[in-house]
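Inspection log for the structure reproduced underneath, given as structure tokens.
No lab work stands behind these numbers, since they all come straight from the coordinates. Owing to the predicted nature of the structure, the values given are computational and were not obtained by experimental measurement. Reconstructed Cβ throughout: ideal geometry from the backbone, glycine too, with neighbour counts over all protein chains shown.
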Amino acid sequence: MAEKRVAIASDHAGFEFKSVLKKDLEAMGYDAIDLGTDGLDPVDYPDFAARMAEAVADGRVAWGVLVCGTGIGISIAANRHRELRAALCHEPVSARLARAHNDANILVLGARITGIEVARDCLKIFLATAFEGGRHERRVAKLA
Ligand code: RB5
């Protein structure tokens, strides 16, 4: 069931965040699909946004988490893929509204910007919040 699977990917700058958030996903009962990177050696963030897009497009996951240093590069890259609505969040209110209003399917975090405890809260609230639909439905439809 894709709903209980969450893909997670980062570049080298987000690798340590990814390790913590992956454990949190597992503790919350999700099957965490790790799309890399696998260490601190420099890599290119667009490659990991592309892996995320493939995982969503082929139905492996419905949700994902992407991390880079600022969150900016990987969110720009992610939003070039039609399957992804990626929201860069620095605090939990944005994480909640990204789901409720924008039906975001990808949470993006910046490991050099956001503290890990704030990031962990963002992840929890992102996954716990449903899309409100209603007036937001038409706006989200226009993104496609
Ligand atoms: C990598 O050094 C860094 O540029 C990258 O993680 C990210 O912050 C880009 O937006």
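The phi torsions of segment 56-61, fed into the Karplus equation with coefficients 6.51, -1.76 and 1.60 and a -60° offset, translate into couplings of 6, 5, 8, x, 5, 9 Hz, rounded to whole numbers, with Gly and Pro shown as x.
Seen from a random direction on average, the alpha-carbon convex hull of segment 46-85 projects onto 2.4 square nanometres. Taking the chain as a Gaussian network of alpha-carbon nodes connected by springs under 10 Å, the highest mean-square fluctuation of the residues ILE33, ILE74, ILE113 belongs to ILE113. Loop-located trypsin sites (Lys or Arg not before Pro) in segment 91-137 (DSSP state not H, G, I, E or B) with no more than 16 neighbouring Cβ atoms inside 10 Å: ARG112. For a paramagnetic label modelled on GLU26 (point 7 Å from Cα along Cα→Cβ), amide N atoms under 14 Å away are absent within segment 54-72.
Here the relative contact order of the chain, from alpha carbon pairs under 8 Å that lie six or more residues apart, stands at 23 percent. Note: relative contact order over segment 29-104, using C-alpha pairs below 8 Å and six or more positions apart, is 24 percent. Every helix of 4 or more DSSP H residues in the chain counts as -39500 (n - 2.57), and over all residues that averages to -13500 deg cm²/dmol at 222 nm. Please label the shape of the chain as rounded, prolate or oblate, based on the square roots a ≥ b ≥ c of the eigenvalues of the alpha-carbon gyration tensor (a/c under 1.5 means rounded; beyond that, a/b larger than b/c means prolate, else oblate). Verdict is rounded for the chain. Scattering from segment 78-144 was approximated by placing one identical point on each alpha carbon and applying the Debye formula without solvent; log10 I(q)/I(0) at 0.13 1/Å stands at -0.34.
Of all aspartates and glutamates in the structure, those lying under 20 Å Cα to Cα from LYS124, and not within fewer than 8 positions of it along the same chain, are GLU3, GLU16, ASP24, GLU26, ASP31, ASP34, GLU91, ASP103, GLU132. Simple spin-label estimate for VAL140 and ALA100 gives 1.4 nm between the two label positions (7 Å along the Cα-to-Cβ direction from each Cα).
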